[in-house]
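Okay, so here's the structure we're looking at.
Taken together, the values in this text are just the output of simple stated rules run on the coordinates, not laboratory data. For clarity, every value in this text was computed on a predicted model and none was experimentally measured. Neighbour counts are summed over all protein chains in view; Cβ atoms, including those assigned to glycine, are modelled from backbone coordinates with ideal geometry.
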Amino acid sequence: MFLLLYSVTYTSFADELPVKQNKPIINIPAAEARLASKSLLLDITKVNPNKLVVVGEHGHILLSSDAVNWQQAKVPLQTTLTSVFFVNNELGWAVGHDATILNTVDGGATWQIQQYMPELEKPLFDIIFKTPTEGIAIGAYGLVFRTNDGGISWHNEFHTEFLLPEDAEYLAEIKKEDEEAYLDEASSILPHFNRLVLDKQTLYMVGEIGLMAKSDNFGVTWEPFDDIYQGSFFDISKTKQGDFLVAGLRGHVFQSKDNGITWQAIQTHTTALINDIVLSADDRIFLLANNGTLLESKDQGQSYQLRAQKDGKSLIAGVWFNGKLIAVSDVGVKLISL
């Protein structure tokens, strides 16, 4: 089966980075798999109090009303999917490898391709919408795509505000001498962008090399935070008390009580990579990490208790659902016993 892609163009605050012309592609739909809920799954979201959606390898997207029984959705690609987001009960998006963006208008039962660009050879890691039409997706090497029409078209942005001064000078020099070399360097010089969180009108992003930034115009321009750590961050969250938490490599967690002006390192007594922050309905904070590491805080993130999972499998993402912690891992969906 052949499929024509939606239009994709490149825009930039400094330069336009052209991409190869899109050609018709052969897409193979995700196969129905009886054990899909036990396969590698990379993200989970709570659409409403009665519905969960998870995404993962081989284009698997699954839906459940109880976190026990799962129904596989119809997905037009077998690409690994890394993140899923719903703006309301019916309208959602998923992103993944090959700069893939999928869309659903029926609550996740069926999905359509909005973007698939294997020629980029870059994954997208997160996606968020603030309205049914305004969305942004981020990924490896500073990859950013934006839509203002619900995904009918996606436009790539090159955010020069994340360039180090010496990198900006380097790009300017090689642009004068070799346009092709400039395009190659520009497409790989930025750090990985890992996670987006929207808090009212402010959008937050964390990523590689200690990247933390905020935007008051939905990512059109970004204001990087001061450096507090040179390792990667994989999640940022605002607690019910209004504090910010960021978490990432080697068990590093930092807390801010003044909207990111100052940060305090929090001891976790683990070196496991922390993938996700989950807030419970009863004011607990859970940190989901590799190697079966689960950390629980009952004091607004000041201290954490280790709740090691016996199977040692990585906890990649999670949600609080009907009074339970539901996580996804490299062995599928896990109902965490607390």
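Using alpha-carbon pairs under 8 Å, 6+ residues apart, how would you state the relative contact order of the chain in percent? All intermediate terms of the calculation are to be shown ahead of the outcome.
Details: 898 pairs, mean separation 40.4, N = 338.
Over the chain, the number comes to 12 percent.
For K74, go through the lysines and keep the ones whose alpha-carbon is under 22 Å away, minus same-chain ones fewer than eight residues off. Partners found: K38, K46, K51. Could you compute the net charge surrounding V87? Neighbours are other residues with a C-beta less than 11 Å from the C-beta of V87; K and R count +1, D and E count -1. Its environment carries a net charge of -1.
Counting charges near Q112 (Lys, Arg +1; Asp, Glu -1) among other residues having Cβ under 13 Å from its Cβ returns a value of 0.
Against the globular-protein guess of 2.2 N^0.38 Å, express the Cα radius of gyration of the range 191-338 as a ratio, rounded to two decimals. List each step's numbers first, then the result.
Details: Rg = 14.7 Å, N = 148, 2.2 N^0.38 = 14.7 Å.
Against the compact-globule rule of thumb, the ratio is 1.00.
A straight line joining the Cα centroids of the range 184-199 and the range 53-113 runs 23 Å. Close lysine pairs were tallied over the range 191-338: pairs 8 or more places apart or on different chains with Cα atoms under 24 Å apart number 23.
For the chain, which longest stretch is free of loop sites, where a loop site is one of the GluC sites (Glu not before Pro) that DSSP puts outside H, G, I, E and B and that has at most 12 other Cβ atoms within 10 Å? Spell out each step's value before the answer.
Details: sites that count: E16, E32, E121.
Looking at the chain, 122-338 is the longest stretch - no exposed GluC sites (Glu not before Pro) with at most 12 other Cβ atoms within 10 Å.
Take every pair of alpha-carbon atoms less than 8 Å apart whose residues are at least six positions apart; their mean separation over the length of the range 191-338 yields a relative contact order of 12 percent. Matching the structure-derived Cα extents along the principal axes in Å against the labelled list (i) 54, 48, 43; (ii) 59, 50, 33; (iii) 92, 50, 40 gives the label (ii). Bridgeable aspartates and glutamates around K175 (alpha carbons under 13 Å apart, same-chain partners fewer than 8 residues away excluded): D15, E16, D167, D184, E185.
Among the trypsin sites (Lys or Arg not before Pro) in the range 228-292, which ones are in a DSSP loop with at most 12 other Cβ atoms within 10 Å of the Cβ? Mind listing them?
Values: sites: K238, K240, R250, K257, R284; in loops: K240, K257, R284.
Hits after loop and neighbour filter: K240.
Given +1 on the Cβ of Lys and Arg, -1 on the Cβ of Asp and Glu, and no further charges, what dipole in debye does the chain carry about its Cα centre, rounded to the nearest 20? Dipole of the chain, to the nearest 20 debye: 1820 debye. Classify the range 181-254 as rounded, prolate or oblate from the Cα gyration tensor: take a ≥ b ≥ c as the square roots of its eigenvalues, call it rounded if a/c is under 1.5, otherwise prolate when a/b beats b/c and oblate if not. Since a/c reaches 1.5 but b/c is at least a/b, the shape of the range 181-254 is classed as oblate. If R0 is taken as 41 Å, the Cβ-Cβ distance between V105 and N259 corresponds to a FRET efficiency of 0.70. Counting other Cβ atoms within 10 Å as a rough exposure proxy, the listed residues T45, T82, T221, T268 run T221, T45, T268, T82 from fewest neighbours to most. In this rough spin-label picture, where each label sits 7 Å from Cα along the Cβ direction, the K200-D226 distance is 2.3 nm. The loop-placed trypsin sites (Lys or Arg not before Pro) in the range 34-102, going by DSSP, that have at most 14 neighbouring Cβ atoms within 10 Å of their Cβ come out as R34.
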